[in-house]
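Here's the structure, in structure tokens; my notes come after.
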Amino acid sequence: MQITTEPAVRVYNAQGVHEIILVCEHASAFIPEQYQNLGLDNNAAQSHAAWDPGAANTAHYLADRLNAVLVESTISRLVYDCNRPPESATAMPAKSEIFTIPGNRNLSDEQKQYRIENYYNPFKAQLARSIEQHPVAAVLVTVHSFTPVYNGIKRPVEIGFLHDQNSQLAETMLDVASGYNIQLNQPYGIADGVTHTLKLHGVENGLHNVMIEIRNDLIQSDSQCRQMAEHLELWLTQSLPKLETQPRLTVE
Ligand SMILES: [Zn+2]
């Protein structure tokens, strides 16, 4: 297993040969020391606001099972959310659900530009390279987790398959998957701006793509992550043969 390391992005299983390229934009809660936890207490700085708990572990198991390349961010999304374009207000959020982020308040253009250049651009460039250099890349799958309670409201959905302009893989997975409360475009959708990676690296490269959102209470333990990866592998490998060779834009 080859692991290459760059400041803001890591490629796991870089020699993976599967046609699926895996992505985990919210893999890490790491906040570089210079930001002094962005003014947050340890509790907030390690919470789901800072990363997607369980997502990276699940994605690693999935990468192992498929023998797929996995590109993951190594920086907290509170420093820079790699699933957001630089112009998005939530790329460096001053508020996230119940937390205000003191270290993101009133950022100067220079401060923003520093984070864009040091975290977003390397991530974006590495993912583009990993796709471009891959001999058979045909599918982009991003792995995320979400909190069971958001703004005080319990979320019944357990797994969401989200799509951007090409819905084929998400819809096919919805057909083949079972055993959980699984819904399309839940708990978020395209209108929430969460499909940036899918659009930029999936749709624009002509790759089939899906964003998988897993409720994080289902991937708390290592064995839960391993089990979830088994389900995802099954659903993905059952879905891929059903897809048209060329992805078709199904949503305008
Ligand atoms: Zn996420």
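Just so it is clear, none of the values below were taken in a lab; they were calculated from the coordinates. Everything numeric here is computed off the predicted structure, so don't read it as measured data. Backbone-built Cβ (ideal geometry, glycine too); neighbour counts: all protein chains shown.
Between segment 117-140 and segment 15-85, what's the alpha-carbon centroid distance in Å? Rounded to whole Å, the Cα centres lie 15 Å apart.
Taking the DSSP bridge list for segment 1-144 and keeping only pairs wholly inside it, about 55 percent are antiparallel.
Working from label points 7 Å from Cα in the Cα-to-Cβ sense, the Lys112 to Leu234 distance is 4.6 nm. Summing charges over all other residues whose Cβ lies under 13 Å from the Cβ of Asn13, with Lys and Arg as +1 and Asp and Glu as -1, gives 0. When both bridge partners sit in the chain, DSSP labels roughly 45% of those beta bridges antiparallel.
Rounded to 0.05, the FRET efficiency of the Tyr180 and Gln36 pair, given R0 = 41 Å and the Cβ-Cβ distance, is 0.55.
Scaling the Cα radius of gyration of the chain by the globular reference 2.2 N^0.38 Å produces a ratio of 0.95. Computed from the Cβ-Cβ distance with R0 of 22 Å, the FRET efficiency linking Ser221 to Val149 stands at 0.70.
A cut-off of 5 Å between modelled amide H atoms, ignoring neighbours fewer than 5 places along the same chain, links Ile21 with Ala138, Val139, Leu140, Val141.
DSSP beta bridges confined to segment 110-252 are antiparallel in about 35 percent of cases. Karplus-derived 3J(HN,Hα) values for segment 61-75, using 6.51 cos²θ - 1.76 cosθ + 1.60 with θ = phi - 60°, are 4, 5, 4, 5, 5, 7, 6, 10, 6, 10, 9, 9, 6, 10, 10 Hz; glycine and proline are entered as x.
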